[in-house]
Structure formats: structure tokens, C-alpha cells
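Here is the structure we will look at, set down as C-alpha cells.
The values are calculated or read from the model by the stated rules, or taken from the named source; none is laboratory data. Note that this is a predicted model, so its numbers are computed, not measured. Neighbour counts are summed over all protein chains in view; Cβ atoms, including those assigned to glycine, are modelled from backbone coordinates with ideal geometry. These accessible areas exclude ligands, DNA and RNA; they are computed on the full protein's heavy atoms, side chains included. Shrake-Rupley method; radii C 1.70, N 1.55, O 1.52, S 1.80 Å.
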Amino acid sequence: MMSKIYRLSWNKTSFFAKILLFMKSHNSVAVRLASTDPKERADGYSALSSTYHSIYGTVYAQLMAIFRPKWLVWLSPVRIALWCVTWLPLGAWCYLRALPLSNKIVRLIGYDGMTADFCDIRQSILRRRGQYMEAFACIRIGLKKDSIKAHTRGLLHVGLAEIYKKYGNLPGAGIEICAAIDAAGEAEKENPRQAARIYRHCVKILDFFLGESFPGNQLRRRARALLQEVGAKDQLLKIR
């Protein structure tokens, strides 16, 4: 079941695939959500909120893809109409439900009981909902956790860089991007998908501050190469 969910999340981009991911994710966490163990239930809520967060990202990427390639722009009204009756309801549900599910984790086990991975998922959801100060605190807590994986550390540093970007702090963002890239380099062999995801986020921040520059283009090429190597079509769709 988990391998099927993993493939649907990373390797598929169609609307049908994401509907399947939505349904299978609910089935996979049903036992954990029914548990009397707070940690088990928190694990289920974290997995489900992560899936919702990922699906919403794909929904937004599909909207942006409507305007590419340029020779198909004339079909944009038709493609937007189709997106509105398919992707939009799915994206809206996932967007509205991800944060309440994440909040349940905090109520169940608190930040002290959360793993670094839980913190990473939550900070990303918080940032998407504009709750930057709590996201900042969540990241700081996550970075202090024991036995943190390299890619998780990289994603947490990316979260800090995104917050600094929001407030126009180029030096702060630069420091966090460097830390994220170092962590991604460590993670490449162990988890190339997540390493490429870190690079993708770093590219977005670099493009914001510097435009399409050499560092950003170099990371973009590296991210694409890794994602193509592992067939992660969902992440390829999200690279601009």
C-alpha cells in the first residue's frame, strides 16, 4: 500500500492519479487514526496532512501548466474551465483540511513529542497559510531534534529561507540556502527525490532575489537531472 501511495505521490501527475492518492491515503491511515495511542494518531494525521499538502501543490502546478507551452495558450480558456471542474474542488479541500489536521498533532503530542519530519510537514503547511511566525518557531524546534535526516534538515533550512524571502532578508535567506544545499548534497545518494525537492525550492528563492542567474540555473539543472533519473514527474511539474 505504502509503495503504491509513494508512486502516486511522486511519479504521477494526472487528476485520476491524485484522486487515487487521496483515497488510498485515507485507507492507509485509518488504523492509526482509530488508535488510542496519541503518537499513533499523530503519525496518521501527519501522513494525511502531508498528502493533502502535496496534492495542493500539484493542483497549483497544474494551473500554472495551463499557460505552457506558449503555442497552446489559445486553448487556455478551455483548459482553465476543465481545471475548475476537476482540480479546483480537490485542491480547495486539501488546502482547507491540511492545517486543521496538522493542528490535531500539536494538541495530541505537542511540539516536544513531534519528530523533525512532523515539524517539517507542519512548517510547510503553516507557511502556505501565511502563519510565518509559528512556522519559524516550528522550524527552530525541528532543527534541534535528535537523529535528524539530512534531507529533513535541508527542508527545514529551506523553510527558514522562504520566511526570510517573505520579509526581503537576502542575507538571512542566503545563509539558509547554503545550509539547505549542503544538506541536499548529503541526501542525494540516500534520497535523490528529496534532494531535488530542496534544490527546487532554493531555485525559487534565488530567482526571486537574483532573477535567472547562474547559481539558480545550475541548481535547476541538477534538480531536473535527479528527478528525471528517478522518474519523479510530480516534482518535475512543479519546477518553473
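Which of the residue pairs Lys144/Lys238; Lys24/Lys204; Lys144/Lys165; Lys39/Lys166 have a Cα-Cα distance greater than 27 Å in the structure shown?
Working: Lys144/Lys238 30 Å; Lys24/Lys204 31 Å; Lys144/Lys165 22 Å; Lys39/Lys166 33 Å.
In this structure, Lys144/Lys238; Lys24/Lys204; Lys39/Lys166 lie more than 27 Å apart at Cα.
Distance between the pseudo-spin-label points of Lys189 and Ala225 (7 Å out from Cα toward the beta carbon): 1.7 nm. Spacing of the modelled spin labels on Gln218 and Asp146, each 7 Å from Cα toward Cβ, amounts to 3.8 nm.
Compute the relative contact order of region 7-136 as a whole-number percentage, counting only Cα pairs closer than 8 Å that sit 6 or more residues apart in sequence. Before the final figure, lay out the partial values.
Values: 115 pairs, mean separation 33.6, N = 130.
The value is 26 percent.
Net charge of the neighbourhood of Cys119, taken over other residues with C-beta under 14 Å away and scored Lys/Arg +1, Asp/Glu -1, is +1. The modelled label-to-label distance for the pair Leu20/Leu170, using points 7 Å beyond Cα in the direction of Cβ, is 4.7 nm.
Could you give the length gained on full extension between Asp182 and Ile239, defined as 0.36 nm per residue of separation minus the Cα-Cα distance, in nm? Present the calculation step by step, with values, prior to reporting the outcome.
Values: separation 57, 0.36 × 57 = 20.52 nm, distance 2.01 nm.
Fully extending the segment from Asp182 to Ile239 adds 18.5 nm.
With runs of 4+ DSSP H residues as the only contributors, calculate the mean residue ellipticity of the chain at 222 nm using -39,500 (n - 2.57) per run, divided by the residue total and rounded to the nearest 500. Display every interim value, and only then the final one.
Details: 12 runs with 195 residues, N = 240.
Using -39500 (n - 2.57) per qualifying helix, the result is -27000 deg cm²/dmol.
What FRET efficiency comes out for the pair Val31/Asn11, r = Cβ-Cβ distance, R0 = 35 Å, nearest 0.05?
Working: r = 25 Å, r/R0 = 0.72.
After rounding, the FRET efficiency stands at 0.85.
Kirkwood radius, region 83-177, all distinct C-alpha pairs, inverse of mean reciprocal distance: 14.1 Å.
Probe radius 1.4 Å, ligands and nucleic acids ignored: give me the carbon and sulfur share of the accessible area of the chain as a rounded percent.
Values: 7180 of 12010 Å².
C and S fraction of accessible area: 60 percent.
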